[in-house]
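In what follows, a single structure is set out as structure tokens and then discussed.
The values are calculated or read from the model by the stated rules, or taken from the named source; none is laboratory data. It should be emphasised that the depicted structure is a prediction, and the values quoted were computed from it without experimental measurement. Note that each Cβ is placed from the backbone with ideal geometry, even for glycine, and that neighbours are counted across all protein chains shown. Accessible surface is based on the protein model in full, side chains and every heavy atom, while ligands, DNA and RNA are left aside. Shrake-Rupley method; radii C 1.70, N 1.55, O 1.52, S 1.80 Å.
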Amino acid sequence: MDPSDALRDPDQDGRTNRDECLTGTNPLVYNGPTAPILAGPVDGERVGSLHPTLAVENSTDPDGDELVYEFVVYADEGLSDLVTRIEAVPEGDEATRWEVSLELAENGRYWWRARAADPYVAGAFSTAGSFFVDAVNDPPGVPNPIAPSGSADSTSPEFSVDPVVDPEGDEFVYRYQVYADPELTEVVVAWTDSEP
């Protein structure tokens, strides 16, 4: 009844009061798409590709509008360090997928989220998830011997080495070998597993 508010959009769904009046929708009820749900990789998952495929369960739209999706990948949990993004990915059957086109870093952790858009407005983003890129299983670092050094005071010396880490954060054990010759050809003691 008030022509002066024809171009307003009080529910912020991209449709003006005039458009909603003409189509018979409620100008006070949001008609945009719902936030999608992350389908994979699941939060914290290790992925075996530098170009992982991200998937979301499709959003719903109250008006049945055709939807497209935006995927965004970040290098930090705060979602401020943008790595790559894509818009207008066509909706798939039940789930929508995007293979990350940018080559991600091996042993890198990334965070991602997605949202759907109808012809009028982009909906809310999904909750964020993370994944770890592990295309190649790298070995742990090389430990440096600490003790014994020189001559040992015991016939059963205790061995120690500098601590090392595994690039993927996998659990590992230390294995020791003792040789009777400087060329390391005559094994005296075979492998012994020791916790990190």
(request) Rounded to whole Hz and in sequence order, give me ³J(HN,Hα) for region 132-144 from the Karplus expression 6.51 cos²θ - 1.76 cosθ + 1.60, θ = phi - 60°, writing x for Gly and Pro. (result) 10, 7, 9, 6, 10, 7, 7, x, x, x, 9, x, 9
(message) Suppose all protein chains stay in the model; what accessible area per residue would a 1.4 Å probe give for the chain, in Å²?
(response) 63
(message) Can you give the local net charge around Ser130? Use residues other than it whose beta-carbon is closer than 15 angstrom to its beta-carbon, Lys and Arg +1, Asp and Glu -1.
(response) -4
(message) Once you keep just the Cα pairs under 8 angstrom separated by 6 or more residues, what percentage relative contact order results for region 23-73?
(response) 41
(request) Find which of Leu184, Pro119, Ile37 sits farthest along the positive direction of the dipole of the chain, computed with +1 on the beta-carbon of Lys and Arg, -1 on that of Asp and Glu, about the Cα centre. (result) Pro119
(request) Report, by chain and number, residues whose modeled amide H sits under 5 Å from the one on Tyr176, excluding near sequence neighbours (fewer than 5 apart, same chain). (result) Thr192
(message) Tell me the net charge near Pro119. Cut-off is 9 Å between Cβ atoms, Pro119 excluded, with +1 for each Lys or Arg and -1 for each Asp or Glu.
(response) -3
(request) Give me the net charge of Glu94's neighbourhood, meaning all other residues with Cβ under 15 Å from the Cβ of Glu94; Lys, Arg count +1, Asp, Glu -1. (result) -3
(message) Given 10 °C and 1.306 mPa s, compute D for the chain with the Stokes-Einstein relation, Rh being the Kirkwood radius over Cα pairs; round to the nearest whole µm²/s.
(response) 74
(request) Enumerate the amide H contacts of Thr84 below 5 Å, restricted to partners 5 or more residues apart or on another chain; note that Pro and chain-start residues carry no placed amide H. (result) Val73
(message) Quick check on the chain: helices-only [θ] at 222 nm, where DSSP H runs of length 4 and up contribute -39,500 (n - 2.57) each and the sum goes over total residues. Nearest 500, please.
(response) -1000 deg cm²/dmol
